[in-house]
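See structure below.
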Amino acid sequence: MEENRMPSKDESEKKVKLYRKKRILIPVLFLLIAAILVAVYWYMFLRDFVSTEDAFLDADQVGVSSKILGRIKELTKDEGDRVTQGELLVQLDDSDLRAQEAQEKENISLNQENVSLAKINLQREENDFRRTDALFKDSTVSWDQFDHAEKALAIARAQYRIALALVSTSKAKLNVVQTQLQNTKIMSPMTGVIAKKWVMPGDVVQPGQTIFTIYDLQNLWVTANFEETKLSSIRLNDPVLISVDAHPGIKFEGRVTLIGAVTASQFSLIPPNNASGNFTKVTQRVPIKISIERKMTANKHDPVMLLPGMSVEVKIRIRGNK
């Protein structure tokens, strides 16, 4: 019957050729579509930009430290607390300095009494010298008596000057002690948030030892490290798109405010030295400072927590830069 008829040889060859054509054409078609999509993506999103993931949020920071050696008596703030400029942060033990202050005040009182005594002695010697001088001119007293009176007057004047100098020295020492007492109260040098506490009450701190680290969270920016090969395309005030890893659905806008003067490697603990015989060329990165100007979301007033050190991605629009 016709239904059970076997396909002819020509019909089988046509089916095999058509199958082979489809097997070749479909992958080629997919590759062509993918190439078109890549080209469109490059034209729309990459052609006019340079980007990097080597970027992070940055802010002004300061290390609060002591100017003198002392034991911490009290810490008025803890990590995460907000502080204002001039607010008391640390109180050092001042008992020894208080004792020194009392001692110097007593020394001043004693030296002032010595000044009074030296002044009385000087006045007496001046009177004696005036009488002796008059008598010497009348040839009533000898030269030895006149010379003795003159030297006694010089000694009295020197003792008076020494007494005055001792008072000044005691006052200077008192000022030093009082300055040290002021240094036992450590104030906040800036307004911000305490990011790290390095010591505890009872610890003895050395001069210059960091006690708190404070960040100014009201003035954040992005520090992006771009390859040196991309610097020729970047200019000041170029617009920037910023994506923060902690907030993937939110975009920020900014501008290039500063291009670093040296590469980031120059600030490393051991800067590279390429003067050796074995040299391997490594593309260097230059830090670029980017401001954060506004948030690009529908609800622009929604609070967004941005913290120094957060990882970000930046794309700088460079179209037209040469």
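Worth pointing out:
- Alpha-carbon centroids, the range 232-283 and the range 52-67: separation in whole Å: 16 Å
- A Förster distance of 45 Å, applied to the separation of the beta-carbon atoms of PHE267 and GLU106, puts the FRET efficiency at 0.25.
- Cβ-Cβ FRET estimate between THR229 and GLU79, R0 fixed at 30 Å, reported to 0.05: 0.15
- Taking a straight Cα-Cα cut-off under 20 Å and skipping sequence neighbours fewer than 8 places away in the same chain, the aspartates and glutamates within cross-link reach of LYS137 are GLU125, GLU126, ASP128, ASP147, GLU150.
- Legend: distances between Cα atoms for LYS67/LYS197; LYS196/LYS251; LYS197/LYS295; pairs beyond 21 Å are LYS196/LYS251; LYS197/LYS295.
- FRET efficiency estimate (nearest 0.05) - Cβ-Cβ, ASP216 to GLN123, R0 56 angstrom: 0.30
- 5 Å-binned pair-distance histogram of the range 137-194 (Cα, whole percent): 4, 14, 10, 10, 9, 8, 8, 7, 6, 6, 5, 4, 3, 3, 2, 2, 1, 0
- Summed side-chain charge close to ASP78 - residues other than ASP78 whose Cβ falls under 13 Å, Lys, Arg +1, Asp, Glu -1: +1
- Using only alpha-carbon positions in the range 194-297, the gyration tensor eigenvalues give semi-axes of 31, 27, 12 Å once each is multiplied by 5 and square-rooted (largest first).
Every number here is computed from the coordinates shown, using simple stated rules; none is lab data. All values derive from a computational prediction rather than experimental measurement. For neighbour counting, all protein chains shown are included, and Cβ atoms are generated from backbone atoms with ideal geometry for every residue, glycine included.
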